[in-house]
Each structure stands twice: as C-alpha cells, then as structure tokens.
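What follows draws every value from the coordinates through simple rules; no lab data is involved. Note that this is a predicted model, so its numbers are computed, not measured. Neighbour counts are summed over all protein chains in view; Cβ atoms, including those assigned to glycine, are modelled from backbone coordinates with ideal geometry.
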Amino acid sequence: MKSNFNTRKLVLLSLFIALSFVGANIKVFGSIAFDSMPAYFATILMGPVCGAIVAVVGHLFTSLLSGFPLSLPVHLIIAVNMGITMIATFYAYKFLRKNGFFIAALGAMVVGTLFNGPISTLTLLPILGNMIYGLIPVLTLVSAINVLLAFMVYYFIPKSIKEKFEN
C-alpha cells in the first residue's frame, strides 16, 4: 500500500508551515496577518488535508505571536474555521477546474475569501458579540489578498512541479 505522504510532500508541508510562521509576523490589524497565503497555496498544490494543516498551525502561530488576544479557546475555534476554509477552497477549485484555471481560481478565491472573512467571523458572534463586526472588512480584505497571492504563485509554478504534488 502506497502512502499518500512521501518524504517530498512532508518536506514541502514543513516549508509551507515555516512560510506561514513568516506570514504570521506580517500583521495588519491585531492578530490578522498574512499567515494563510502558504495554506491556500498548499491547498491548491497538495490538497485539502495539507492546506488545512498549514492553516491551523499558521493561525496558531499568529495568535501565539499576538498573545492570544481573543483567548485560546476562541483562537482554537478560528483555527478550525481556517482548516474548514481550506477544505471549502479546495473543493470549489476542484469542482470548477473543468471550466479552466481562471474560472476555477476565481470561484475558489471567492469561496476562500467568504469562508475566511465573514462566514468564519460570524461563527464567533455568540461568543464575542457585536465587536466582531469591525473585524469583517479588514479580515475579508486580507483574506482576499492571501488567496489571490496564492493563486498567482500557483499559476507561475512549472507544470512539472505541479504534477509531482497534486492529488
């Protein structure tokens, strides 16, 4: 039985986690940072599980470096939401791929931005109350930039490299 995780994939996954840590240090507003770009890229290139792992760890890096401003339990919920965001992004991309790269990328960018921005933020409404409404515009904008950068980088990766890692 062939394992889906070979050494090459494990090393690349580790690289994406390291890049996520770098992005976690580029903060925009409080604990909102550029940690999810490597997660989106890992999602597109390696699949939803790898992308979710990078997203969860990346968010935990960001919140740790920020001192868990919303509390550890809330940041754990956000980390799970980030993982779900990567899964939704992957399946939107996979579903739309038959329509060409640009349609698939655009659809996946919309899904990723909506999940990472307003949808994930609104799941915290019962816990944090109305304070979260102020986070939605900034979080949505940063998420859109993260996913756009990931698809731009993916587009320019040579096909021979993509074939080694894609599902």
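Rounded to the nearest 0.05, what FRET efficiency do residue 127 and residue 94 give with R0 = 35 Å and r taken as the Cβ-Cβ distance? Could you check?
0.65
Using 1/(1 + (r/R0)^6) with R0 = 22 angstrom and r between the beta carbons of residue 152 and residue 10, what's the FRET efficiency to the nearest 0.05? It would help to have the intermediate numbers written out before the result.
Values: r = 25 Å, r/R0 = 1.16.
That gives a FRET efficiency of 0.30.
For segment 7-165, what relative contact order do you get, as a whole percent, if you take Cα pairs closer than 8 Å and at least 6 residues apart? Show your work: numbers first, answer last.
Details: 232 pairs, mean separation 36.0, N = 159.
Contact order relative to length: 23 percent.
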At residue 110 and residue 161, where each label point lies 7 Å from the Cα along Cα→Cβ, what is the point-to-point distance in nanometres? 2.9 nm
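What FRET efficiency do you get for residue 74 and residue 18 if R0 is 25 Å and r is their Cβ-Cβ distance, rounded to the nearest 0.05? Don't skip to the answer; put the middle values down first.
Details: r = 25 Å, r/R0 = 1.01.
About 0.50, to the nearest 0.05.
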